[in-house]
Amino acid sequence: MDRAKEIVILSGKGGTGKTTLATSLSKLIPNKVIVDADVDASDLFILLKPDPLRQDEFKGGSIASIDTKKCIQCGECEKKCRFNAISRNKEGNFIVDSYKCEGCEFCTYVCPVNAIKMNPQIVGNWYVSETSFGTMVHARLIPGAENSGNLVALVKREAQLIAKKKGLRSIIVDGPPGIGCPVISSLSSAALALIVTEPTLSGIHDLDRILATCKQFNVNAKIIINKADINQSNTEKIQQFADKNGLEIMGKIPFDRCVVKNLSKNLTPIDSDNCGAVKKEIKKISNDVLRYLSE
Amino acid sequence: MWISVASGKGGTGKTTVAVSLALSNKNTIYVDADVEEPNGFLFIKPVIKEEFSYTELIPLIHEDKCTFCGKCADACVYKAIAILKPVKKAIFFPELCHSCGLCSFVCPVENAIEEVPKEKGRIRKGEKNGQLFIEGILNVGEASGTPLIRGMKKYIPHDRDAIIDSSPGTSCPVVESVGDTDFVLLITEPTPFGLNDLKLAVEMVKEMKLPFGILVNKHEEGNSLIKDYAREEKITILGEIPFSREIAEAYSKGIPVVDVLPDGEKFFVNIMEKIRKGVNTSG
């Protein structure tokens with residue numbers, strides 16, 4: 001059987017409603033695996049309440065440490081480190097700033113007395129969980145840790161394995177904000193990117209950059225405008241931009257206080273009847289996604 | 001004094017608050033370190049006076065000199081180099097390279113690996129009515145904004161206070177933007193997402209041993225989600241900005257919250273004063 005189709009929800013700019021939409025789609029679309037790839041601010045679990053079946057540690061790169069007893073204070077390591085991770089402390093000893101160390105090991109090569117060793121780091125945990133809406137793979141990166149791109153690749157790989165085992169054809173991925181390494185990792189092997197934007201100047205600016213990123217990695221993208229009625233002229237600008245570039249706008253979700261009200265009770269807009277217009281638009285989007293998945 | 005503005009969660013109003021803080025307090029410099037999606041210029045609308053490219057060194061392997069011994073590939077922990085010995089080929093994956101320089105150091109053949117600059121992004125400096133402005137713009141397709149943030153911090157003048165607008169989340173670029181700052185202002189919103197991501201951000205700044213405080217955006221009367229958490233954890237709330245469609249609409253047009261909030265300037269001057277006092281007492 002082929003790989004399951006990955007639908008990744010991205011936004012460039014944070015706070016456009018990515019996770020709210022991802023949760024709603026996870027509830028509306030059957031027969032899929034759910035992935036939270038926003039590993040440094042994973043929020044999908046709040047609304048989907050996963051029950052962990054399995055938990056594993058995630059190892060990041062190693063970071064250096066200097067044995068001050070062996071160190072002869074030649075300073076070669078400090079000179080070679082391009083990340084400014086090595087400096088002298090108040091006592092005059094060379095020390096490694098673990099936040100700055102990128103684990104390249106250059107220092108270990110130049111140390112004449114083998115005083116530096118590399119220590120593997122556990123940078124987070126990842127989970128396979130059961131939810132009322134399907135199996136979910138998610139992770140929690142220790143705040144301040146690096147290597148989130150690798151962690152994203154790992155959770156997506158696991159989701160593919162689960163999909164294969166269960167005969168499921170699709171994977172819904174809630175992606176991280178921005179355009180950097182975790183986003184690139186979320187995009188790799190995606191069948192479709194749903195880009196959630198908002199009609200603000202920053203939304204438009206970031207939309208442009210995330211679409212360029214999708215293009216660079218050859219991923220088909222469609223646009224969803226959230227809070228579409230907050231600035232009609234900006235919404236029109238996005239529409240014109242999409243028309244000019246042959247991009248489809250899959251939905252325009254109105255601004256409504258009910259969304260925040262529902263969220264503060266751990267509910268999505270589709271879970272109650274107070275959010276009519278928002279609910280209707282999300283259902284329309286989910287039907288379009290279903291049609292795409294069955295193609 | 002350097003104040004960084006961070007949030008954990010995206011879209012909490014980090015940029016509009018950072019811009020407002022800079023605009024209300026004279027002689028500050030606004031630094032946009034959200035290099036993946038820099039948006040501060042949309043609000044400050046600076047006149048750009050200087051723009052230059054930010055480069056990092058990457059290896060250029062000269063196959064005519066290379067003996068394909070594979071030492072560089074073995075040494076590279078990021079697996080950015082592959083040497084195909086049987087067919088005498090060297091392959092370099094620039095998106096995996098961290099520019100540490102180890103490959104050229106271990107190469108036994110003189111000049112077989114040359115280090116050449118590669119543009120990672122651009123740095124722009126500007127000004128608007130005396131308000132200084134610096135931003136970094138990461139090139140699309142570049143994996144990590146961290147080197148660019150590290151690089152642009154060198155251009156922040158030390159003779160005045162800097163407000164550093166960081167990216168969302170809690171990973172490497174955020175650590176680089178809040179590192180070396182004197183105070184971290186965490187912007188959050190009273191939703192379960194906001195609270196969850198705030199907790200992660202608090203964990204990060206505590207681990208980094210940085211003084212910090214909270215500003216609640218999109219506050220609604222009766223919602224005490226953040227207040228309850230702050231009280232339990234004994235974290236100071238420096239201010240609250242109400243949830244309002246008017247602020248959201250202004251934001252959509254590039255108008256920062258300081259210009260919409262009644263007594264906005266006073267509000268942000270007051271926050272800055274509280275930060276200064278907090279920094280003085282804890283330091």
Practice prompt. Find, among the GluC sites (Glu not before Pro) in the stretch A:122-204, those assigned to loop by DSSP (not H, G, I, E, B) with at most 13 other beta-carbon atoms within 10 angstrom.
Written response: none
Worksheet item: So what is the relative contact order of the stretch B:106-220, in percent, for Cα pairs below 8 Å that sit 6 or more residues apart?
Response: 17
Item to complete: Please tell me which of these pairs span more than 29 angstrom C-alpha to C-alpha: A:261/B:128; A:237/B:14; A:79/B:153; A:80/B:153; A:244/B:218?
Response: A:261/B:128; A:244/B:218
Discussion item. Need one number: % antiparallel among DSSP beta bridges in chain A, to the nearest 5.
Written reply: 50
Response to the item:
Taking Cα atoms only, helix A:18-28 is inclined relative to the longest principal axis of chain A by an angle, in degrees rounded to 10, of 60
Worksheet item: Kirkwood Rh over Cα pairs of chain B into Stokes-Einstein at 20 °C, 1.002 mPa s: D in µm²/s?
Response: 104
Worksheet item: What base-10 log of the normalised intensity I(q)/I(0) is obtained for the stretch A:89-181 from the Debye formula, alpha carbons as equal point scatterers, at q = 0.26 Å⁻¹?
Response: -1.42
Discussion item. Give the list, by residue number, of cysteines in chain A with no other Cys Cβ closer than 4.7 Å, or say none.
Written reply: A:71, A:74, A:81, A:101, A:111, A:181, A:214
Worksheet, complete the sentence: Given A:178-187, A:162-171, the highest-first ranking by average Cβ count within 10 Å works out to A:178-187, A:162-171
Response to the item:
Summing -39500 (n - 2.57) over every DSSP H run of at least 4 in the protein assembly as shown, dividing by its residue total and rounding to the nearest 500, the 222 nm mean residue ellipticity is -10000 deg cm²/dmol
Worksheet item: Between A:188, A:163, A:151, whose Cα lies farthest towards the positive end of the dipole of the stretch A:145-188 when Lys and Arg beta carbons carry +1 and Asp and Glu beta carbons carry -1, centred on the Cα centre?
Response: A:163
Worksheet entry | Prolate/oblate/rounded label for the stretch B:85-228 (Cα gyration tensor, a/c 1.5) | prolate
Practice prompt. Sort A:97, A:51 from largest to smallest accessible area, using a 1.4 Å probe on the heavy atoms of the protein chains.
Written response: A:51, A:97
Worksheet item: What whole-number value in cubic angstrom gives the convex hull volume per residue for the C-alpha atoms of chain A?
Response: 166
Item to complete: State which helices in chain B qualify, where a helix is a whole DSSP H run, it must extend 18 Å or more along its own axis by its Cα atoms, and its mean Kyte-Doolittle hydropathy must be at least 0.0.
Response: B:192-207
Worksheet, complete the sentence: The alpha-carbon center of the stretch A:166-245 and that of the stretch B:39-88 are separated, in whole Å, by 28
Discussion item. Need one value: the accessible area of residue A:21 in square angstrom, 1.4 angstrom probe, rounded to the nearest 10.
Written reply: 10
Item to complete: Would you mind checking the tilt of helix A:201-216 against the longest principal axis of the Cα atoms of chain A, expressed as 0 to 90 degrees and rounded to 10?
Response: 70
Discussion item. Output the 0 to 90 degree angle, nearest 10, between the alpha-carbon long axis of helix A:148-166 and the longest principal axis computed from the alpha carbons of chain A.
Written reply: 50
Practice prompt. Find the all-direction average of the projected area of the Cα convex hull for the stretch B:16-84, expressing the result in square nanometres with one decimal place.
Written response: 8.3
Practice prompt. Return the residues of the stretch B:1-23 for which accessible area with all protein chains present is lower than in the chain on its own by 20 Å² or more; set the probe to 1.4 Å and exclude ligands, DNA and RNA.
Written response: B:10, B:11
Item to complete: Treat every Asp and Glu Cβ in the protein assembly as shown as -1 and every Lys and Arg Cβ as +1, leave all other atoms uncharged, and give the resulting dipole magnitude about the Cα centre to the nearest 20 debye.
Response: 780
Fill in: Accessible area that becomes buried as A packs against B, both chains, 1.4 Å probe, Å², nearest 100
5200
Item to complete: May I have the pair-distance distribution P(r) for the stretch A:1-140, computed from all Cα-Cα distances with 5 Å bins from 0 and rounded to whole percent?
Response: 2, 9, 15, 14, 10, 9, 8, 9, 9, 8, 5, 2, 0
Practice prompt. Using the 2.2 N^0.38 Å rule of thumb for compact globular proteins, work out how the stretch A:159-295 stacks up: its C-alpha Rg over that value, please.
Written response: 1.11
Item to complete: Write down, largest first, the equivalent ellipsoid semi-axes of the protein assembly as shown in whole Å, where each equals the square root of 5 times an eigenvalue of the alpha-carbon gyration tensor.
Response: 37, 31, 23
Worksheet item: Got a number for carbon plus sulfur as a percent of the stretch B:176-229's accessible area, 1.4 Å probe?
Response: 48
Response to the item:
Counting only DSSP loop positions in the stretch A:57-92, the trypsin sites (Lys or Arg not before Pro) whose Cβ has at most 12 other Cβ atoms within 10 Å are A:69, A:70, A:90
Discussion item. I'd like the GluC sites (Glu not before Pro) in the stretch B:172-225 restricted to DSSP loop residues with at most 11 other Cβ atoms within 10 Å, sorted by number.
Written reply: B:221
Discussion item. Considering all alpha-carbon pairs of the stretch B:165-283, what whole percent are spaced by more than 20 angstrom?
Written reply: 47
Worksheet, complete the sentence: Per 5 angstrom bin, beginning at 0 and ending with the bin that holds the maximum distance, the Cα pairs of the stretch B:1-131 fall in percents of 2, 9, 16, 14, 10, 8, 8, 9, 9, 8, 5, 2, 0
Item to complete: May I ask you to derive the relative contact order of chain B, considering only C-alpha pairs under 8 Å and at least 6 residues apart, and to give it as an integer percent?
Response: 28
Fill in: residue A:192 accessible area, 1.4 Å probe, all protein chains in place, Å² to nearest 10
0
Discussion item. Please check the stretch A:21-64 for residues whose accessible area, probe 1.4 Å, is lower by 30 Å² or more when all protein chains are in place than in their chain alone.
Written reply: A:40, A:41, A:43, A:46
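The values are calculated or read from the model by the stated rules, or taken from the named source; none is laboratory data. Computed from a prediction, not measured in an experiment: that's the story for all the values here. Methodologically, a virtual Cβ is constructed for each residue, glycine included, from the backbone with ideal geometry; neighbour enumeration extends over all protein chains shown. The area values use the complete protein model at the heavy-atom level, side chains included, leaving out ligands, DNA and RNA. Shrake-Rupley method; radii C 1.70, N 1.55, O 1.52, S 1.80 Å.
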